[in-house]
Every structure is written in structure tokens, then in C-alpha cells.
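The values are calculated or read from the model by the stated rules, or taken from the named source; none is laboratory data. Source: prediction; values computed, not measured. Glycine gets a Cβ as well: all are built from the backbone with ideal geometry, and neighbour counts include every protein chain shown. Side chains included, ligands, DNA and RNA excluded: accessible areas come from the protein's heavy atoms. Shrake-Rupley method; radii C 1.70, N 1.55, O 1.52, S 1.80 Å.
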Amino acid sequence: MKIVQTLSVVEKAVFLLQTDIFKSLATDEVALIAVKSSENEFEAGELVEKGSEAGRSFHVVIEGAVEVSKNGTVFRRATKGMFFGLLPLLEIHGDEEVRAVEPTHTVVLSCENFKQAVADNPQFALTMIRSVATMALNFALRVEELEKAEAGR
Amino acid sequence: LRVSLTKTSWEFLYFPMTDQVKRKAKRFIDVVVNRSGDAVAGVLILILNFLLGGSLAQLTVVILGLALVWFLLELTTTQAYAKEVSSSLGRLVGDREEKRISLQDITDATEMTGLLESSNQAQVLYALDVLESMDPEVVRAHSSGLLEHPSQAVRARTLAILALQGEDIELYEFKAELPGSDLSGEDAVKVYEETAADRVAIAASAGRVVDSEDQEERLIDLMGDEDQDVRRTAYRSAGLSRRRSFVPHLVNRLSIPEERARVRDALVLYGERTVGMMGDYLQDPETPISVKTQITTVLVEVGGQHAAYSLFRATSLEMDRRVVNEALRALNRIQGDNPAVRIPRELMLRDLRQEIDRYCRRIVQERSVRSAADPNLATFIQRVLNERAEQSLERIFRRVALVYDTNQTLAAYRGYRSDNARLRAQAIEYLDTSLPSDIKNLILPVLEAPSEEEQVQKASLVLASDPPTLMGTLEEFLESRESWLNTCGLYVIGCRKFKDYRARVETFSNSQDPIIRETAGWALKQLEASEEAK
């Protein structure tokens with residue numbers, strides 16, 4: 001992993017405003033989050049986070065892609081504009097690992113700054129709840145789909 | 001006059017109606033209202049002639065009397081109509097008051113009381129937390145057992161709850177009750193200070209008497225204690241003491257999210273004694289915005305005319321927009337709870353006119369920015385301007401609500417912001433019947449405009465100065481007191497490589513604001529890179 005600085009605060013804010021999780025926030029609120037963020041770069045195949053050893057950071061993918069897997073099964077892929085690392089921040093630890101599948105560039109928010117952003121901005125907190133709910137719903141739908149496929153076999 | 005003016009004016013009144021309604025209304029007015037009016041007038045003249053002789057002077061007096069009755073009737077009807085429009089809006093928009101669910105609704109007190117007997121520390125602490133807000137009497141009833149609990153965290157929490165409920169926590173009596181406490185004097189105090197429970201006791205007793213600098217410093221230390229029960233008891237003690245010297249320390253702790261609720265409660269205990277100081281904190285540019293937001297909540301809790309004046313000072317257009325938004329919301333809440341609270345009408349109407357000008361300016365600017373060459377940049381700046389216009393519109397309604405009926409005006413705001421055409425029309429109707437004509441003439445044409453194009457045109461007419469151009473907008477961003485607009489101006493210069501602005505960008509390089517400073521540095525790099533490329 002490399003810590004880089006390729007974007008200015010406003011450039012980061014402009015990028016974040018185009019993503020689903022930040023688009024409902026006001027521009028200056030996103031800038032206040034962006035100023036506390038940093039940037040990471042990962043090479044293809046590099047391990048980003050692993051289970052309880054997770055770095056406890058919130059990432060939004062600027063470029064590239066990562067895959068979240070457990071026991072070799074990939075259950076989520078995050079590409080440009082998508083986030084990962086939310087569940088460990090909420091102290092929900094699994095054995096999943098996050099690995100970059102191509103050269104990946106992310107905006108990173110440390111645990112402390114993420115919690116501060118949630119405390120200062122109810123709209124951001126609401127967006128996070130919505131994101132977790134959407135993730136849970138997608139997982140449930142996927143499980144249902146797989147169960148149907150299994151039953152039909 | 002009757003044919004040329006009155007008849008024509010009557011015809012104009014029918015214009016907004018649909019053909020079907022117009023036909024029915026005209027028929028009814030021509031056949032029933034006009035003829036009945038003529039008949040009543042004839043009868044009145046006959047009665048006048050019969051009873052008084054019917055001289056011109058007598059006729060004039062009667063007509064003047066009737067005109068006065070007509071005028072009063074019109075005034076009452078307009079007010080009643082405005083009220084009806086607003087209450088109808090209120091019904092349609094719905095009551096946006098937060099519906100709080102109390103712990104009592106979802107928890108069983110008996111179950112929680114049972115948990116107090118548990119030897120498991122986590123269970124007892126949980127029960128104490130729930131019972132504190134649900135039924136503190138239960139905690140009081142079980143206090144003797146809880147204060148001898150083997151866990152010092154349980155003892156500390158119990159003491160803190162008792163102290164927060166206003167119970168006298170006598171430090172030395174408590175010491176005597178502690179198991180194995182045969183110490184006395186200085187030795188006892190040292191042992192006491194080793195546990196959180198004891199520090200809570202010290203913090204609680206400090207609330208009654210703070211009469212030396214040592215005690216004051218001790219309490220300030222306890223406000224920063226590692227244990228939350230000690231901290232919150234210390235906050236309350238500071239609030240109970242009502243000493244002004246604690247206020248800066250309390251305000252400082254408002255910046256910590258987990259502490260805010262307890263610190264606010266402590267500041268509210270000061271009552272009106274510190275509302276002036278709170279107003280000064282709102283004015284101070286060094287106070288963080290998150291702290292200012294908390295201060296507005298404290299002022300709402302304190303309420304009353306003095307708190308309203310402190311907030312009103314923070315609603316000036318020169319203040320940071322976020323502070324103005326919070327202060328206006330807080331003022332609306334205070335007035336909503338207590339309509340007797342008054343705001344200087346002339347000053348507020350002056351600010352309202354300026355706010356309308358600012359709103360119209362943002363609308364016109366948003367349109368001028370669309371012509372920018374870089375579509376991504378244009379989209380971003382448009383979004384910034386749209387946000388500012390939306391916030392400005394909210395402030396317009398909130399300022400109107402300070403002068404006119406608070407709840408009715410806020411219902412009109414929600415109606416105007418809804419997607420429902422009927423609600424929007426009712427909101428405009430309410431403003432039309434409530435606002436004085438000079439303000440109405442400024443804002444209503446903009447709000448009523450059926451299309452975006454027309455809205456920009458109407459907004460341009462309202463502006464006191466020339467409509468802003470793209471470069472004019474950039475200038476305004478750089479000159480703004482709002483740091484985020486300065487930042488956006490610097491970003492535009494960097495993106496568009498406006499080398500003529502180099503000197504202006506350099507003036508922002510040493511700004512106190514980290515975002516401005518960073519963006520200015522970035523913009524300078526962009527300008528240098530562009531010059532090197534040439």
C-alpha cells in the first residue's frame with residue numbers, strides 16, 4: 001500500500017459528490033470530510049484488509065476494483081465510486097478479506113474521522129444507515145436467488 | 001368611470017379562472033349579487049328618505065359608514081383567509097414535530113429493577129442507564145444497596161444519577177458507609193480520589209459550594225476526568241454553581257460529540273445569566289461551527305426574550321451562513337413555543353429584503369455559470385449556487401416567520417417546497433395575503449414563476465445591481481465572507497488557469513482555514529504548471 005496525495009481537497013470533494021453515499025450531502029459538508037481524508041494506492045493482487053486485522057478505515061474507490069471474500073468465496077466487488085471497510089468500522093468483524101484485483105486508488109477516512117463525520121452530520125449518518133440496509137437487502141436477495149437455483153437443480 | 005374602469009377591472013378578475021368556473025361565477029354575480037346589491041341600495045335610500053329626509057349630507061354619512069364597515073369586513077376576511085390557507089397547509093403538509101419514543105414505551109421497569117440486583121456489572125449499568133431516564137425514583141429507592149456494590153463503576157454511576165437528580169451527596173457521610181473505610185482526614189480524601197465513585201462524590205459536592213480557587217480548579221480538572229460519570233457530575237456541579245468562570249470550559253467541551261448533551265444541560269442550568277455570553281460565542285469567528293450549533297440549542301432550551309436577542313445578533317447577513325441558519329431555526333423554535341417573544345420588526349424586514357436580493361442573485365448566477373467551458377466545473381459550481389439559493393429561500397421564510405405567525409409561515413415553507421402543485425399554490429396564497437406589499441412585490445413574482453427561464457428573468461428584475469456575469473460571480477466568490485465560496489473561487493481559478501488572478505490567490509495562501517490554504521496552494525501549482533507548459 002502506498003499513501004499518496006494526488007488530489008486537492010476540492011477535487012476529492014468533487015469526486016465524492018458524484019458517489020451514491022455522498023451525493024445527498026451539501027458540497028461544503030463533503031469538503032469538511034474530504035479535508036480529513038487521505039489517499040491510498042494498492043497494486044493488483046495486494047491484500048487491503050483481512051478479518052479482524054482490518055485497518056479500520058473507510059475507503060471509497062477512485063479507480064480500480066477490490067473484492068471482498070470469505071473462505072475463497074467472493075461476495076462483493078467494489079469499483080469506482082463504491083465504498084468498503086464500513087462493517088469493521090462499526091465493530092462488526094468477520095473473517096473476510098479485501099484484496100485489490102487491479103491497481104486501485106482510494107480515498108480513505110480513518111475510524112476516528114469517520115465517527116466524527118457521522119456525529120457532526122446527521123445526513124451522513126442517515127446515508128450510512130441506508131447503505132448498510134441496501135447491502136443487507138442485496139445479500140438477502142442474493143441468498144434467496146441462490147436458494148431458488150439450488151431448489152430447481 | 002363605472003363603464004371604463006370598474007367594468008374592465010371586474011373582467012380582469014375572471015382571467016385566472018377556467019371557462020367553466022368563469023361562466024358560473026359571472027352568471028351568479030350578474031344575476032344574484034349585482035341585482036340584490038341594487039335592490040338593497042334602493043331600499044336603503046327609500047328608508048333614508050322616509051326617516052331622515054334624505055339630504056346629500058345624510059347620504060354621504062351613511063355611505064361613509066357603510067364604506068368603513070366594508071373596509072373592516074375586508075380586513076377581517078383577509079386575516080381569516082390567510083389563517084385558513086395556512087391551517088389548511090398545516091393539515092396537508094402534516095405536523096413535522098419529532099415524535100419521540102420514550103424508553104417507557106418499549107421497556108419494562110420491573111425487568112430493569114430486577115437487573116439492579118444482578119452481580120453482573122454490565123447488566124446493572126445497563127439497568128441504571130435505562131432507569132435514569134425512565135424512573136430515577138427506582139434508583140433512589142435502591143441506592144443504599146447500589147452504593148455498596150462491589151463494582152466501583154456501579155457505585156460511580158449510582159452516585160452520578162443521584163447527584164444529577166439533585167440529591168445531596170455528602171462526601172464524608174458516604175465515606176463512612178464505604179466498606180472498610182476506617183480512614184479519616186487527608187488519608188481518606190487520597191483513597192477517595194482513587195476510584196471514579198469517589199471522584200463523582202467530590203464533583204457532586206462541588207456543586208453546592210465553590211468558594212475557593214482550589215475548588216474551582218479541582219472541578220475544572222474533574223470536567224476532563226477519564227470517567228464519564230465523574231465528568232457529567234462535574235458539568236452539572238459547574239452549572240449549579242452558576243459561576244461564569246466555568247462557562248469557557250463548558251463551551252470548550254461542547255466540541256466533543258459524546259459530551260454535548262450533558263454539557264448543554266449544565267449550561268441550561270445557568271439560565272438567562274449567561275445568554276449574553278452565549279451570544280458573544282456565536283459572534284466570535286474563532287468558535288467552531290459545531291460548538292455554535294450546540295450553543296443555539298442551549299439558547300432554545302433557556303428560551304425567553306434575552307435568549308432571542310442573543311440569537312438575533314447572530315442572524316445578520318454578515319455572519320457565517322451556517323450560523324445564521326441555526327440561529328434562525330432556534331429563533332423560530334423559541335417563538336413557536338412562546339409567541340410573546342418579539343424580534344425588532346424593522347431590522348428583520350431590512351434583513352429580509354437583503355436576503356431576497358441574495359436569493360435572486362444566486363438564481364441569476366446559477367444561470368450565468370452554465371456557460372462555463374468545463375462542464376464538470378460548471379456542474380459543481382451550479383450545485384454550490386443551487387445549495388446557496390435553497391438555503392437562502394429557507395432563511396427568507398424563517399425571517400418572515402419571525403415577524404408574522406411562526407407556525408403558519410413554516411407550514412407555508414413546507415408547502416412551497418413540496419412537489420404538490422396545490423400545496424405550492426396555497427403557500428404562495430398565504431404569502432400574498434400576509435406580506436406587506438413592498439416585500440410581496442419583490443419575492444412573489446420569483447416564487448410564482450412557472451418556468452426556470454421566467455424565474456431567472458424575474459430574479460434579475462429584483463436585483464439592486466446589474467445581473468452578475470461569470471467573472472462577476474468569480475469576483476463575488478473571492479470577496480465573500482464565506483470560506484467555502486472563497487475556496488470554490490480558488491478552485492475555479494486553478495481549473496481554468498486564470499493567470500491574472502495569481503496575486504489574489506497568493507493572498508489566500510496564509511489563510512487560517514485549512515481548506516482555503518490547501519486550495520490556494522493547489523491553484524498556484526496549476527497556474528505555474530500552465531505557465532511552464534507555455
Anyone know which of A:Leu90, A:Leu126, A:Leu141 comes out most mobile in the 10 Å Cα GNM of chain A?
A:Leu141
What's the longest uninterrupted piece of chain A once you rule out the GluC sites (Glu not before Pro) that are loop residues per DSSP with at most 14 other Cβ within 10 Å?
A:92-153
Given backbone amide H placed at 1.01 Å from N, residues whose amide H is under 5 Å from that of A:Ser57, ignoring those fewer than 5 places away on the same chain, are none
Can you run phi through the Karplus equation (6.51, -1.76, 1.60; θ = phi - 60°) for region A:132-139 and list ³J(HN,Hα) in whole Hz, with x for Gly and Pro?
5, 5, 5, 4, 4, 5, 4, 5
Once both axes come from the Cα atoms, what is the angle between helix B:321-337 and the longest principal axis of chain B, in degrees from 0 to 90, rounded to 10?
80 degrees
Sum of side-chain charges, B:Asp374 neighbourhood, beta-carbon under 15 Å (Lys, Arg +1; Asp, Glu -1):
+3
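Can you quote the Å³ per residue value for the convex hull of the Cα atoms in the protein assembly as shown, rounded to an integer?
On the way: hull volume 203.1 nm³, N = 687.
About 296 Å³ per residue, rounded to a whole number.
Over the protein assembly as shown, give the accessible area per residue in Å² for a 1.4 Å probe, as an integer. Provide the component values of the computation, followed by the final result.
Numbers: 36660 Å² over 687 residues.
Result: 53 Å² per residue.
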Can you run phi through the Karplus equation (6.51, -1.76, 1.60; θ = phi - 60°) for region B:303-309 and list ³J(HN,Hα) in whole Hz, with x for Gly and Pro?
x, x, 5, 5, 4, 5, 4
Sequence order, region B:419-424: Karplus ³J(HN,Hα) from phi using 6.51 cos²θ - 1.76 cosθ + 1.60, θ = phi - 60°, Hz rounded, Gly and Pro as x, gives 7, 7, 4, 5, 5, 4
Pick out, from A:Thr6, B:Gly239, B:Val446, the residue whose Cα sits farthest towards the positive end of the charge dipole of the protein assembly as shown, with +1 on the Cβ of Lys and Arg and -1 on the Cβ of Asp and Glu.
B:Val446
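Could you please report the charge total around A:Gly85, scoring K, R as +1 and D, E as -1 over all other residues with beta-carbon less than 9 angstrom from its beta-carbon?
Numbers: positive: A:Arg56; negative: A:Glu49.
Taking every other residue near A:Gly85 into account, the sum is 0.
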Partner shielding of B:477-486, taken as the mean number of other chain Cβ atoms within 10 Å, equals 1
Order of B:36-44, B:308-316 by packing, highest average Cβ count within 10 Å first?
B:308-316, B:36-44
GluC sites (Glu not before Pro) within region B:253-351: DSSP coil, no more than 16 neighbouring Cβ in 10 Å:
B:Glu286, B:Glu318
Please give the Cα centre distance for region B:232-295 versus region B:464-534, rounded to the nearest Å.
37 Å
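Loop only per DSSP, at most 14 neighbouring Cβ atoms within 10 Å: give me the trypsin sites (Lys or Arg not before Pro) in region B:344-396, ordered by residue number. Intermediate results must be reported in sequence, preceding the final value.
Working: sites: B:Arg345, B:Arg350, B:Arg353, B:Arg358, B:Arg361, B:Arg362, B:Arg367, B:Arg370, B:Arg383, B:Arg388, B:Arg395; in loops: B:Arg370.
Filter output for region B:344-396: B:Arg370.
For A:8-17, what's the mean count of beta carbons from other chains sitting within 10 Å of each residue's beta carbon? Intermediate values should be presented prior to the final figure.
Numbers: counts 13, 9, 14, 5, 0, 7, 7, 0, 0, 3.
Shielding by partners across A:8-17 averages 6.
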Between A:Val30, A:Val132, A:Val143, find the one with the highest GNM mean-square fluctuation for chain A; connect C-alpha pairs within less than 10 Å.
A:Val143
For B:Tyr14, the net charge from surrounding residues (Cβ-Cβ under 13 Å; K, R +1; D, E -1) works out to +3
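Once you have a ≥ b ≥ c as the square roots of the Cα gyration tensor eigenvalues for chain B, tell me rounded if a/c is under 1.5, and otherwise prolate or oblate according to whether a/b is larger than b/c.
Working: a/c = 2.87, a/b = 1.55, b/c = 1.86.
Since a/c reaches 1.5 but b/c is at least a/b, the shape of chain B is classed as oblate.
I'd like the interface area for chains B and A: accessible area of each alone minus the complex, both sides summed, 1.4 Å probe, protein heavy atoms only. What is it in Å² to the nearest 100? List each step's numbers first, then the result.
Values: alone 29420 and 8780 Å², together 36660 Å².
The summed interface area works out to 1500 Å².
Taking a threshold of 21 Å on the Cα-Cα distance, which of the pairs A:Lys80/A:Lys148; B:Lys83/B:Lys440; A:Lys23/A:Lys115; A:Lys115/B:Lys525 fall above it? Don't skip to the answer; put the middle values down first.
On the way: A:Lys80/A:Lys148 31 Å; B:Lys83/B:Lys440 17 Å; A:Lys23/A:Lys115 19 Å; A:Lys115/B:Lys525 33 Å.
The pairs that break the limit, which is 21 Å between Cα atoms, are A:Lys80/A:Lys148; A:Lys115/B:Lys525.
Computing the accessible area with a 1.4 Å probe over protein heavy atoms, can you report the carbon and sulfur percentage for the protein assembly as shown?
Details: 19670 of 36660 Å².
Within the protein assembly as shown, the accessible surface is 54 percent carbon and sulfur.
For the protein assembly as shown, what is the calculated [θ] at 222 nm in deg cm²/dmol (nearest 500), taking -39500 (n - 2.57) for each run of four or more DSSP H residues and dividing by its residue count?
Numbers: 36 runs with 454 residues, N = 687.
Counting only the DSSP helices, I get -21000 deg cm²/dmol.
What percent does the relative contact order of chain B come to when contacts are Cα pairs within less than 8 Å and at least six residues apart? Write out the running numbers ahead of the final one.
Details: 562 pairs, mean separation 51.3, N = 534.
Relative contact order of chain B: 10 percent.
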Average partner coverage of B:509-518, which counts Cβ from other chains inside 10 Å:
2
How tilted is helix B:483-496 with respect to the longest principal axis of chain B? Cα atoms for both, answer in degrees (0 to 90, nearest 10).
70 degrees
Between region B:18-71 and region A:67-97, the Cα center-to-center distance that results, in Å:
81 Å
Starting with the highest mean, order B:515-522, B:215-222 by the number of other Cβ atoms within 10 Å, averaged over the residues of each peptide.
B:515-522, B:215-222
